[in-house]
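A quick write-up on the structure given underneath.
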Amino acid sequence: MISFRQKKTIITDLIPDALEFYDNEGIKVNKISPEQADAASKVNSKSLVLVSFILNEHGNYQISVQDKELYRYTQKLLRDIFRLKILDINTKNRIVTAECEQKGIIYDILEILGRKYNLSVVC
């Protein structure tokens, strides 16, 4: 049987799409610069920063979130409840990176994060 390599795609930043989604849904998020991300994530335990939202080279949707103290609940939420594949856990910067193949699932997750947390988005 012949198997072909999956064609790599161009990495696409989807943060503008996420901001448009939040505006359409009426969810208020804070727009911050990359320099403000660390301070915004440390405000309280309900603060969460969406550091990146991209379409990676494998065609999967990838999000990176930063919280106050790299809570186990954040990892459990992404992995066990949302069923995302955890790609990286950066303990120094408290950033968890996860991916999913389906765009609709990621937008559902973004909506839940926007409603549950005091969400800031790095623009």
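Given the residues D13, D23, which is the only one that is without any contact (Cβ under 8 Å) to a residue 12 or more places away in the chain and loosely packed, with under 15 Cβ neighbours inside 10 Å?
Only one candidate qualifies: D23.
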Item to complete: Answer yes or no as to whether T74 is at pLDDT below 90, surrounded by 14 or more Cβ atoms within 10 Å (Cβ to Cβ), among the polar types (S, T, N, Q) and touching a strand residue (DSSP E or B) at 6+ places or on another chain (Cβ under 7 Å).
Response: yes
Worksheet entry | The one condition in (1) surrounded by 20 or more Cβ atoms within 10 Å (Cβ to Cβ); (2) touching a helix residue (DSSP H, G or I) at 6+ places or on another chain (Cβ under 7 Å) that Q62 fails to fulfil | (2)
Discussion item. Could you check the range 102-115 and list, in sequence order, the residues that are farther than 13 Å from Y61 by Cα and either free of Cβ contacts under 8 Å to residues at least 60 places away in the same chain or surrounded by 14 or more Cβ atoms within 10 Å (Cβ to Cβ) (or both)?
Written reply: E111, I112, L113, G114
Worksheet entry | Pairs where the first residue, in the range 46-70, is within 17 Å of S33 (Cα to Cα) and the second is acidic (D, E) and not in a strand (DSSP E or B), C-beta under 6 Å, 6+ apart | L48/D67
Worksheet, complete the sentence: Scanning the range 77-101 residue by residue, those surrounded by 13 or more Cβ atoms within 10 Å (Cβ to Cβ) and basic (K, R) turn out to be R79, K85, R94
Worksheet entry | Any chance N44 is more than 10 Å from V96 (Cα to Cα), surrounded by fewer than 21 Cβ atoms within 10 Å (Cβ to Cβ) and modelled with pLDDT of 90 or more | no
Worksheet item: Within the group L48, L78, which residue is out of contact with any Asp or Glu (no Cβ under 9 Å at 6 or more places or on another chain) and within 21 Å of N30 (Cβ to Cβ)?
Response: L78
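The values are calculated or read from the model by the stated rules, or taken from the named source; none is laboratory data. For clarity, every value in this text was computed on a predicted model and none was experimentally measured. Neighbour counts are summed over all protein chains in view; Cβ atoms, including those assigned to glycine, are modelled from backbone coordinates with ideal geometry.
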